[in-house]
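Report on the structure given below.
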Amino acid sequence: MVNVLALIVSSTLVYSAPLIFTTLGGVFSERSGIVNVGLEGIMVIGAFSSIVFNLAFAQQFGNMTPWIAMIFAGVCGLVFALIHAVATVNFRADHIISGTVLNLIAPALGVFLTRVLFEGDGQTDIIRRAFGKFNFPVLADIPVIGPIFFKATSLPAYVGIALAVVVWVVIYKTRFGLRLRSVGEHPQAADTLGIDVYKLRYAGVLLSGFFGGMGGAVLAQSVALNFSVATVAGQGFIAMAAMIFGKWNPIGAMGAALFFGFAQSLAVVGSSIPFIKSIPPVYLQIAPYVITIVVLIGFVGRSKAPAAVGTTYIKTK
């Protein structure tokens, strides 16, 4: 029983980690009042840039390569998200259309650059330095709990969980977080108090790009191990569903990401779980996407989004 639980928890954390990072980015953006459906495209850019960096610098950085590549991917995601920020804040474009444009550009750009860099191939080479299984010193030796939670597990997932707590503190306990939430709830009132609405909305979108890029990097370097047009395959939309399911709260979004990660992991480890191994694998593979649709239908109307999310703000004199 312990071995089965350890397998489920380990697999859940591996598939949850990319969602945790990306959904935290979505929280920043939407708390500032900007809807970012472009998380999928940002993850694609993060996945591509991390794999290219990993392949290019694996010998120089050794075991630290995936982590440095993750930061590099975050920066690339931030730069890519700048398109969305300029379109929605400065040019007052519709948030949904702007985000959809990101989702259309990213896969095409990624495949084009892949063909340019890899002699016409539609996918990159397999990386050798990936996020492998991690054993926590001392904790992994604790009876029962150690093998389930701290042995042969995903370190990026635990980093993401810790980061969710940090983001919660930033959003709810700091001056920056208070101002960010204020421009997402009532930008006119925030403006009258001297808060720069445009600057904070830029910050929210750019942070979503940074976190989304890191999410794509974690996915590419822990699950796919290379980049192709099918590397991300809807993970950005699942991250959005997790954000809504978590009611735009970093801790809630992280918990929802763990739930969706568990749903995805069943397709991989389902054959090893006694009470579901008889279910055809195809049903387990489509389960996360069906759950995403159910969550979006069932919770969009019930969850209370920031009051001014999706609205265009025009500064008045």
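The values are calculated or read from the model by the stated rules, or taken from the named source; none is laboratory data. Remember, it's a predicted structure, so these values are computed and weren't measured experimentally. Every residue, glycine as well, gets a Cβ built from its backbone with ideal geometry; the counts of neighbours run over all protein chains shown.
Before we move on, is Val138 under 21 Å from the mean Cα position of the chain (by Cα) and either within 30 Å of Met1 (Cα to Cα) or modelled with pLDDT of 95 or more (or both)?
When the stated conditions are applied, Val138 does not pass them.
Of the conditions (1) surrounded by fewer than 22 Cβ atoms within 10 Å (Cβ to Cβ); (2) in contact with a Pro (Cβ under 9 Å, 6 or more places away or on another chain); (3) among the hydrophobic types (A, V, I, L, M, F, W, C), Ile20 clears all except one; give me its number.
All conditions pass for Ile20, except number (1).
Would you pick out the residues in the stretch 109-138 that are in a helix (DSSP H, G or I) and either in contact (Cβ under 8 Å) with a residue 12 or more places away in the chain or surrounded by 13 or more Cβ atoms within 10 Å (Cβ to Cβ) (or both)?
Result: Leu109, Gly110, Val111, Leu113, Thr114, Arg115, Leu117.
Read through the list (1) exposed (fewer than 15 other Cβ atoms within 10 Å of the Cβ); (2) in contact with a Pro (Cβ under 8 Å, 6 or more places away or on another chain); (3) not aromatic (Phe, Trp, Tyr), then give the number of the only condition that Ala267 fails.
(1)
Could you tell me which of the residues Ala106, Ala152, Ala190 is closer than 19 Å to Phe28 by Cα and small (Gly, Ala, Ser)?
After applying the criteria, what remains is Ala190.
Residues checked against (1) surrounded by fewer than 22 Cβ atoms within 10 Å (Cβ to Cβ); (2) of a type outside the set (Lys, Arg); (3) in a helix (DSSP H, G or I):
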site: Ala217; (1), (2), (3): no, yes, yes
site: Val223; (1), (2), (3): yes, yes, yes
site: Val229; (1), (2), (3): yes, yes, no
site: Met254; (1), (2), (3): no, yes, yes
site: Gly261; (1), (2), (3): no, yes, yes
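For the stretch 270-314, what are the residues that are of a type in the set (D, E, K, R), modelled with pLDDT under 80 and exposed (fewer than 11 other Cβ atoms within 10 Å of the Cβ)?
Result: Arg302, single match.
Would you check which residues across the stretch 58-105 are touching a Ser or Thr at 6+ places or on another chain (Cβ under 7 Å) and in a helix (DSSP H, G or I) and list them?
Ala58, Ala69, Met70, Phe72, Ala73, Cys76, Ala81, His84, Ala87, Thr88, His95, Ser98
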